[in-house]
Amino acid sequence: TSAALALLGGSVAALVVWKWLGKKMVQKKMEEARKTRDEGMKKMAKAVQQFREQVPSVQRDAILSLPLLELTAKLQEGSLSPRTVLYTYLEKVSALEVTQQTNCLRHFIPECEEQLQEIEGHKEKGLLYGIPVSIKDHIGHKGQLATCGLVQFLGTPMEEDSVLVKVLKRQGAIPFAMTNVPQSLFSYTCSNPIFGQTLNPLDPQRSPGGSSGGEGALIAGGGSILGLGSDMGGSIRLPCSFCGLCGLKPTASRLRWVLPCPASPLGSRAVVVPCALGPMARDVDSLALCMKALLCQEMFQLDPTVPPIPFNEQVYSSSTPLRVGYYDTDGYFPLPPCMRRAVKETRSALQAAGHQLVLFSPPRVPYVMTELFMKTCFADGGRTWLDVFTGDIVDPGLKSQVNSCKIPRLVKKLLALLVKPLQFLLLLKLKDAAMISTCRSVKEMWNHHHQIQEYRAQFIALWKELQLDVVLCPVLGPAFTTGFPGKLLTAISSTMLYNVLDFPAGVVPVSKVTEADEEELKLYRGCCDDPWDRTLKQAVSGALGMPVAVQCVALPWQEELCLRFMKEVETLSHHQ
């Protein structure tokens, strides 16, 4: 007995030591990653200083204030050089004006100087000639990491550029920075244990959104003029809403998708509810130029799976009146008063401008949220997602989701039985109910795929019955106070819907939070004045002056029409 107890005690002690050593190893890797980032920033700051000494007369603020189309024109005509523009943006970032305030940068791309020399030697100038472009952490760039905010990916740099980066470079763009993301990408906050929490440049007490939150913060802070993000449930549109930017989630296959991050719970299931790459910028014209540059022969040749559909300038430039469907609530998660006000004011402006407005009600959004979207993400009860955290430190913003996935399967089944009768009463907002939706067999999985196709067909039939061109609808916002996105995972129904449908959808800022909005928020009760409604109220309160956006949607493969509608909304909001 004594020997057995001694053996047991020794085993426990060994396990404790093993875990302690593992944690120390993880912490060491994270410290090395942060040190590498800081050293890269110092090197870039030194290079910027050398440039300033060589060319002291650069009108820095004038360059930074130029919209993308004007900057492109000056680069094309030669009145500005790519070198001057690149180092002006590098200075904005490396001088810590943006990064110290927001912690949005994951790493500079030192190869940007090689790309600069490359384009300076070319006679032909691409559509993005000399434009510095920032890219999200997991979009592959040769020699750089794609971490997804996870320690296990710190030691494996990419062996080649992703198709997207290759096309950007062929169009003369200069990828110069990689931006921060939430751990595993499955969150609309922007924090991970390696590089920390990214903050909103418009209010450092608030989140920039996610998962393309580093992009949102860098562009809104003036450190980048054009960025590339990805969207799994709103990951481009939510940062744009929170940071006052324009962003487009295209039909997933319109642009070359990078290999899904192994950390994402969507993983290979991205085919069912597709992820999309898309641009983020200060205005709609910038998004259109980026799409025009990317939808080129190089893209179609590098990846034959991308449909060879060039950008349709005629559709984007059209002024034909549109038939616009609209709604200000999806019947699932009532948004704050200011977001509904934005839809109503935009609807009135569109009507006054000669467009036809038709009330539209998206069908069965509660069913889509829990039975279609969440069941896709957590078909295996979240086990695949949990695997990526093995040996890692879980970010505080993800702990509730991780703990929910760790609930034993038998307990989940019992919870599912208890929750099911109450689902519609609670509007399915129960945070952990999302983790209960699973597919218990291959047959059930095939049936689940069929249900998604059925829903898409039903939605399109309703759209066509009303003879709609586009839809105007709300987007989640204004920016949440830091720490709240992790408490309201299911609040993303406004954006998630169009991932399930795989429709192009974009976000345009149209207003700001007013004192009247704040007063009306005090009366906000949501649908039931339940804990989730009260948490949302806390998350957005005190956002006076923060951006308020709307969402614009078109049918699949109609990105140009979506952008044209976004441009119309942008123009009318500026007039107002």
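The values are calculated or read from the model by the stated rules, or taken from the named source; none is laboratory data. Just so you know, these numbers come straight off a predicted model, no measurement behind them. Ideal geometry is used to build each Cβ from the backbone, glycine not excepted, and the neighbour counts take in all protein chains shown. For accessibility, only protein heavy atoms count, side chains too; no ligands or nucleic acids. Shrake-Rupley method; radii C 1.70, N 1.55, O 1.52, S 1.80 Å.
A few points about this structure:
- Value of relative contact order over the stretch 94-185, rounded to a whole percent, pairs C-alpha under 8 Å and six or more apart: 39 percent
- For the chain, the spherically averaged projection of the C-alpha convex hull amounts to 28.7 nm².
- Annotation: per residue accessible area for the chain equals 40 Å², rounded to a whole number [probe 1.4 Å, protein chains only].
- Using only alpha carbons, the stretch 338-400 has a radius of gyration to Kirkwood radius ratio (Rg to Rh) of 1.27.
- Amide H contacts for D380 (H built 1.01 Å from N in the peptide plane; partners 5 or more residues away or on another chain; cut-off under 5 Å): C439.
- At least 20 Å along the helix axis (C-alpha) and Kyte average at least -0.5, DSSP helices within the chain: 2-54, 559-575
- Peptide packing for 118-125, 452-459 was compared via the average number of neighbouring C-beta atoms within 10 Å per residue; ordered from the highest value, the list is 452-459, 118-125.
- Evaluated at q = 0.10, 0.14, 0.19 Å⁻¹, a Debye calculation over the C-alpha positions of the stretch 436-576 (equal weights, vacuum) places log10 I(q)/I(0) at -0.47, -0.87, -1.19.
- Seen from Q458, the other residues with C-beta closer than 12 Å to its C-beta sum to a net charge of +1, counting Lys and Arg as +1 and Asp and Glu as -1.
- Highest mean packing first, where packing is the average number of other Cβ atoms within 10 Å per residue, the peptides 63-71, 82-90, 475-483, 284-292 line up as 475-483, 284-292, 82-90, 63-71.
- The stretch 200-248 versus the stretch 301-363: alpha-carbon centroid distance in Å: 20 Å
- Proximal aspartates and glutamates relative to K375, as straight alpha-carbon distance under 15 Å, when same-chain residues fewer than 8 apart are discounted: D432, E444
- Proximal lysine pairs, the stretch 424-576, alpha carbons under 24 Å, eight or more residues apart or interchain: 13
- Percent accessible area from carbon and sulfur atoms, the stretch 494-576, protein chains only, probe 1.4 Å: 52 percent
- Alpha-carbon centroids, the stretch 436-515 and the stretch 44-62: separation in whole Å: 45 Å
- The stretch 26-130: mean projected area of Cα convex hull, nm²: 7.8 nm²
- Reachable lysines, given that their alpha-carbon falls under 26 Å from the alpha-carbon of K28 and they are not under 8 places away in the same chain: K19, K42, K43, K136, K142, K399
- Working ranking of peptides 377-387, 160-170 by packing, defined as the average number of other Cβ atoms within 10 Å per residue, highest first, is 160-170, 377-387.
- Calculated FRET efficiency, I309 to R409, Cβ-Cβ distance, R0 = 35 Å: about 0.20 to the nearest 0.05.
- Within the same chain, aspartates and glutamates fewer than 8 places from K292 are excluded, and of the rest, those with a Cα less than 13 Å from its Cα are E313, E559, E560.
- Working note: 222 nm ellipticity from helices only, DSSP H runs with n ≥ 4, each -39,500 (n - 2.57), summed and divided by the residues of the chain, gives -13000 deg cm²/dmol to the nearest 500.
- Percentage relative contact order, the chain, counting C-alpha pairs under 8 Å, at least six apart: 15 percent
- Over the stretch 313-354, the Kirkwood radius and the radius of gyration, each from Cα atoms, give a ratio Rg/Rh of 1.10.
- Long-range HN-HN contacts of K136 with modeled amide H, under 5 Å: T179, L228
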